[in-house]
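Each remark here refers to the structure printed beneath this line.
Nothing in this text is a laboratory measurement; each read-out follows from the coordinates by a stated rule. Just so we're clear, the structure is a prediction, and the values are computed from it rather than from any experiment.
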Amino acid sequence: QVQLVESGGGLVQPGGSLRLSCAASGSIFRDNIMGWYRQAPGKERELVARISSGGIPNYANSVKGRFTISRDNAKNTVYLQMNSLKPEDTAVYYCNSVPFINYWGQGTQVTVSS
């Protein structure tokens, strides 16, 4: 059974931090590159960070130096530590494999506002 469950979003002031978590089923997680995507209102979904099964990360320029992706292969969980948040980071955040499969979880809302 395919499962992607994101959590950890919320409302935070500019400059603040959040840590997102995603619990995935083994069929998606195991041996795959995992990524965090986001979709802001009126915009297309974009990949912001990805991590290989061996733990090598890669980031979009817009989040480089502020976000850190990690994974726990024993728990089939991927994390996104987000620091120095900006209003333009406001979006619904999703995890999925890279490339993504045609299944999405409910996502977790991140709102950066004063």
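Summary of values
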read-out	value
Relative contact order %, segment 1-46, counting alpha carbon pairs below 8 Å whose residues are six or more apart	33
Fraction of beta bridges assigned by DSSP in the chain that are antiparallel (%, nearest 5)	90
Cα-based reach from Lys75 at 16 Å (exclusive), listing aspartates and glutamates while leaving out same-chain residues under 8 positions away	Glu6, Asp31
Shape of segment 65-114, Cα gyration tensor, a/c cut at 1.5	oblate
20 Å Cα-Cα reach of Lys86 towards lysines, excluding residues that sit fewer than 8 places from it in its own chain	Lys43, Lys64
